Every structure is written in C-alpha cells, then in structure tokens.
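Structure first, then comments.
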Amino acid sequence: MKIQSNKRLIQYRDFISVLSLFAAIAYGLSQILPLCYEMGKDDSDTFIWKALVQAIECYAIFFIGLLAYFMASNVKKGKVFCRINQRILSAIGISTMLSGVLINIIVNLTPIDVFHQNSILLIVIGTVFVLVSFVFEVGIRMQEEQDLTI
C-alpha cells in the first residue's frame, strides 16, 4: 500500500530528529553539570556511576529519536506496514528495555544512594514498543495474505 508523501510529514520527520538530538543534549548537560560541580566540591567515588546512568538515559533518548527519524522516512516513502518498520519498533523497544535494565542494575549494585524510578518506566515503555511491533508483525502477515488472495 503506497501513501502519497507530503511536505508536512517531511517537516515532522526533521522536527522529531532535531528535537530528539536537542533533548538528549539538554538532558545530559542538565544532569552532568551538577554532578561535575559536586565532584569538584568534594571528592566523590560515586560520580562515575551517576554519570553512567545519565549517559545511558541520553543514549536512549538519542537512539529512539534516530530510529523514529528512519521510521518517518519509511512512511514518507509509502512503506507503513513493512518489515523494516516492524524491526525499527522492535529495536526501539529492546533498546529502551535494555537501558532500563542497565540503569536498574547500576543503581542497585553500586553505592549510589539516589532513588531512580526511571528504570522501571523505561522497562514498561520498552515492553509496550515490543508489543506494538508484534501487532505490526501480525498486520504485515495479514496484508501479505490479502495481497496473495487478490
């Protein structure tokens, strides 16, 4: 099924990619700079662990934005229910879940005394993306069967 591309979708794709890049940078700087100040103020052994948690979160924001850009590019080309978009959704979900799991491991196994609830949220959001990718897979199979019967 081909969908006509329009200028608004192209603008939306570019906006999403730029927004995700700026969000990752702004979030990273807003979290890392206070940590750097604290490290300069007093010697802290937990700085690297806190910085690692923030880096994983920034990676997740940037990677999801990048994959959303590729998915919007596929939609622009008229490829909505295709295997590539299903794999992109699956990659978004898996990387988000892995980010949440890594953050949870770091927070629980290191001497960080900060309560960090984002890891559970990332795991739940990643699970939702994986479920949506499974729905896409079923939709792709149904579309292929319908194309074969016509």
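Computed quantities for the displayed model
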| quantity | calculated |
| --- | --- |
| Among (1) surrounded by fewer than 13 Cβ atoms within 10 Å (Cβ to Cβ); (2) touching a residue at least 40 places away in the same chain (Cβ under 8 Å) - the single one ILE120 does not satisfy | (2) |
| Of residues in region 25-84 being surrounded by 15 or more Cβ atoms within 10 Å (Cβ to Cβ) and not in a helix (DSSP H, G or I), the one modelled with the lowest pLDDT | THR46 |
| Evaluation of VAL101 against (1) surrounded by 16 or more Cβ atoms within 10 Å (Cβ to Cβ); (2) out of contact with any Gly (no Cβ under 8 Å at 6 or more places or on another chain) (one fails), failing number | (1) |
| Checklist (1) in contact with a Gly (Cβ under 7 Å, 6 or more places away or on another chain); (2) part of a loop (DSSP other than H, G, I, E, B) applied to ILE123, failing item | (2) |
| Residue within region 129-145 that is within 30 Å of LEU35 (Cβ to Cβ) and part of a helix (DSSP H, G or I) present | yes |
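The values are calculated or read from the model by the stated rules, or taken from the named source; none is laboratory data. Just so it is clear, the structure is predicted and the values come from calculations on it, not from any experiment. Reconstructed Cβ throughout: ideal geometry from the backbone, glycine too, with neighbour counts over all protein chains shown.
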